[in-house]
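Undergrad: I have a structure I would like to understand better, so I am pasting it below and will then ask my questions one at a time.
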Amino acid sequence: MDLNAAIQKQLSNIQAKTGKTLEELFAAMKASGHAKHGMLRDFAKTEFGVGHGDANALANHYLKADAPAAEGNPLDELYTGPKAALRPIHEKLMATIDGYGDFEVHPKKGYVALRRKKQFAMIGPATNSRVEVGINMKGVPGTDRLEEQAPGGMCQYKVKVTDASQVDDELFAWIKTAFDAAG
């Protein structure tokens, strides 16, 4: 299933449910004065009478539409200065993950989130000498390398990578497990 087509279908359904165009919905969201996702989502639920999933989709789409166009590659911002030497790790990870199938890359302040229907991984420089790969999967026992995270966090597991040689089949197997479960 094409994720973009599914999002467009959901937005069309929201417009049909509310009797308002996206422009009208976005104008009301802008007039609310809210700038954060959670506040916009809650506003949409209350103001438009839509469910949590629809309100979440509206908030996401509104924030994307309202954001200024990004200049250049978001990795240029993540991997600057002393962290620039870590970029080959990120690129090696993405070169293989890109072959798994369709997914979205969402740049954040300190990492990029990788999503299908759900987020399956996050990659970013944690320090000047380490990239962290957060992985969302269930039922896999943690190891010294695959560190289990506290419940309720952004990811269930974290792998610390300090050198491109550590981007190996074991790490890709964990990421592929999460990718398959997220879609």
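Undergrad: If the cut-off is a Cα-Cα distance under 13 Å, which aspartates and glutamates reach Lys108, setting aside same-chain residues fewer than 8 apart in sequence?
TA: Here the aspartates and glutamates satisfying the reach criterion relative to Lys108 are Asp76, Glu77.
Undergrad: Follow-up question, since we're still on this one. Once you have a ≥ b ≥ c as the square roots of the Cα gyration tensor eigenvalues for region 99-183, tell me rounded if a/c is under 1.5, and otherwise prolate or oblate according to whether a/b is larger than b/c.
TA: Cα axes put region 99-183 in the rounded bin.
Undergrad: Using a 7 Å offset from the Cα along the Cα-to-Cβ direction at both Ala35 and Leu22, what is the distance between the two label points in nm, to one decimal?
TA: 2.4 nm
Undergrad: Moving on. When the chain is treated as a GNM, springs tying every alpha-carbon pair under 10 Å, which of Gly124, Gly53, Gly134 comes out with the largest mean-square fluctuation?
TA: Gly53
Undergrad: Helix-derived [θ] at 222 nm for the chain: sum -39500 (n - 2.57) over DSSP H runs of at least 4, divide by residue count, nearest 500?
TA: It comes out at -14000 deg cm²/dmol, rounded to the nearest 500.
Undergrad: Also, quick follow-up: Treating cross-link reach as a plain straight distance, find the aspartates and glutamates whose alpha-carbon is under 14 Å from the alpha-carbon of Lys17, omitting any fewer than eight places away in the same chain.
TA: Glu47, Asp54
Undergrad: Which one, [x] 1.37; [y] 1.01; [z] 1.16, gives Cα Rg over 2.2 N^0.38 Å as derived from the coordinates shown?
TA: Checking each listed value against the structure points to [z].
Undergrad: What shape does region 10-54 take by its C-alpha gyration tensor, where a ≥ b ≥ c are the square roots of the eigenvalues and a/c under 1.5 counts as rounded, a/b above b/c as prolate, and the rest as oblate?
TA: Note, shape of region 10-54 comes out oblate.
Undergrad: Turning to a different aspect of this structure: Kindly point out which whole DSSP H helices in the chain project their C-alpha atoms 20 angstrom or further along the helix axis while averaging a Kyte-Doolittle hydropathy of -1.0 or above.
TA: Passing helices, by number: 3-18, 52-66.
Undergrad: Can you find, among Gln15, Val159, Thr96, the residue sitting farthest towards the positive end of the charge dipole of the chain, where Lys and Arg contribute +1 and Asp and Glu -1 at Cβ?
TA: After comparing all options, I get Gln15.
Undergrad: Also, I was wondering about something else. Under 19 Å from the Cα of Lys30, which lysines turn up, not counting those fewer than eight places away in the same chain?
TA: By straight Cα distance, Lys30 reaches Lys20, Lys45, Lys64.
Values in this text are rule-based calculations from the coordinates and carry no lab data. Source: prediction; values computed, not measured. Neighbour counts run over all protein chains shown; Cβ positions are idealised from the backbone, glycine included.
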